[in-house]
Amino acid sequence: MWKYVEQFVCSLLNCHTGSKQTTSRTIQTHQENNDGIVSVKMKADSQRLFGFKFKGGSGENSPVVVSSVLRKSPADTCLPRLNEGDEILSINNNDVRALKPEQIEKLIQAAADTRVKELCLRVRQRIYDIEEGKNTLISQVSKRKYLSLPLLRCDTLNESIALITEGLKDESLILKFESIPRRQSGETNNIAKLPENVQKNRYKDVSPYDTTRVVLEDCLTGDYINASNINMVIPTLNIVNRYIATQGPLSTTCIEFWQMVWEQKSKLVVMVTTLLERGRTKCHKYWPDKNKTETFGHLEITCTVEIETPCLVHREFRLKHKQTNTETNVNQMQYIAWPDHGVPIDASDFLSFVWKVREYRDVVNVPTIVHCSAGIGRTGVLILMETAMSLIEANKPVYPLEIVQEMRRQRPMLIQTTASLKNIYYFTRE
């Protein structure tokens with residue numbers, strides 16, 4: 001399992017650096033890129049077969065579509081994989097959209113009869129309606145509503161890691177990531193826009209959905225905080241990893257932050273930012289110094305432990321509710337080697353950090369609070385990372401794009417930019 005985790009992490013972190021790597025399988029630089037068009041290369045087997053069937057042909061009204069793919073055939077094992085529902089546009093640079101089925105068959109057979117036995121298809125990958133949460137195949141692409149997903153289904157974890165690695169190299173995953181809607185259709189953020197709440201948002205364009213926002217029950221300053229409930233289901237393990245994704249507290253929202261920690265009974269706060277970056281404040285220091293106590297609303301916060309290593313600061317806090325005279329303890333883990341818009345300095349250190357997060361999570365079934373500055377970029381990477389690691393633990397395939405979609409259904413813009421994705425992509429080898 002450790003091997004797969006390392007591969008996943010390295011792939012995503014290497015991708016985050018922005019370096020461009022190319023292979024023989026590259027996405028066409030055609031205008032139709034946004035419509036999910038990719039090149040698929042494969043070599044015929046010993047029987048001169050490629051292992052797929054198609055239907056249609058002879059004009060625009062009858063597109064050439066893959067009807068079936070034989071398991072373990074060249075079409076099934078090539079990267080990217082050919083999928084049922086993919087539309088074939090050309091074969092070895094021959095446009096097939098106006099050809100008859102028998103002419104297309106001849107082109108395929110001719111490729112199998114050559115010395116190299118190589119077939120190069122230009123295909124439009126099948127498109128799914130994700131805005132309605134369906135897996136319905138559709139024939140037309142609306143750039144605003146629909147996403148061209150690879151959904152390269154495979155049976156093993158090893159195969160899924162190989163697909164992710166290939167998708168990073170030819171940048172097909174990056175293009176598809178960029179087409180995922182940043183916000184869930186139909187969701188509103190009206191509460192965040194109320195006059196009394198606007199100043200509680202660190203960034204005016206980053207706010208929680210009304211349906212998934214954390215609602216404070218007994219806070220002196222109101223029920224609003226810029227925070228979202230994120231539940232990531234790991235069905236194979238029959239568990240739900242619960243998170244609260246939130247912004248780094250402002251000097252004026254520390255009361256809300258600690259009240260949320262108390263009400264949600266959280267035992268772990270994961271901080272993936274430093275207080276200052278590039279001369280700009282990314283997060284207010286919302287905790288007291290070691291062995292000091294500060295009051296935030298109903299709560300007295302005392303820092304009892306502070307241990308710093310090159311990449312991690314571990315703090316422990318004692319929270320005391322003044323009205324009820326009850327107490328609880330909370331751990332804070334701050335990763336300090338991850339610059340904004342960059343990548344963790346050492347992938348192995350970051351991996352160890354995530355393992356520590358997972359160890360603390362195992363203690364109780366309460367939400368882990370995760371924040372960076374805006375609560376979407378590095379916060380999203382951390383959630384994606386742990387979700388992928390849970391799947392790897394269960395020896396199940398990892399599909400990062402689908403994880404991103406599920407995360408964004410609960411908080412907008414998680415995994416904020418292509419660079420952030422390259423922070424992750426997500427983690428498998430951003």
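For the reader, a short list of remarks on this structure follows.
- R0 of 56 Å, Cβ-Cβ distance Lys43-Lys204: FRET efficiency to nearest 0.05: 0.55
- Subtracting the Cα-Cα distance of Glu102 and Thr281 from 0.36 nm times their residue separation leaves 57.9 nm of extension gain.
- Note that the range 229-277 presents 35 Å² accessible area per residue, ligands and nucleic acids not counted, probe 1.4 Å.
- Assuming charge only on the beta carbon of Lys and Arg (+1) and of Asp and Glu (-1), the dipole of the range 171-277 about its Cα centre is about 180 debye to the nearest 20.
- Legend: calculated FRET efficiency, Arg182 to Asp223, from the Cβ-Cβ distance at R0 = 22 Å, rounded to 0.05, equals 0.25.
- Of every Cα-Cα pair in the range 66-125, the percent that sits beyond 19 Å: 27 percent
- Per-residue packing, averaged as other Cβ atoms within 10 Å, sorts the ranges 314-327, 378-391, 171-184 into the order 378-391, 171-184, 314-327, beginning with the highest.
- For the range 252-335: span of alpha carbons on each principal axis (Å, largest first): 41, 26, 22
- Heavy atoms of Asp95 accessible to a 1.4 Å probe, total area in Å² rounded to 10: 80 Å²
- Separation of the alpha carbons by more than 29 angstrom is noted, of Lys265/Lys290; Lys72/Lys396; Lys282/Lys396, for Lys282/Lys396.
- Overall dimensions of the range 168-258 by Cα: Rg and Dmax, Å: 16.3, 52
The values are calculated or read from the model by the stated rules, or taken from the named source; none is laboratory data. Everything quoted here is computed from the prediction, not taken from an experiment. Positions of Cβ are generated from backbone atoms using ideal geometry, with glycine treated the same way; all protein chains shown enter the neighbour counts. Accessible surface areas use protein heavy atoms only, side chains included; no ligands, DNA or RNA. Shrake-Rupley method; radii C 1.70, N 1.55, O 1.52, S 1.80 Å.
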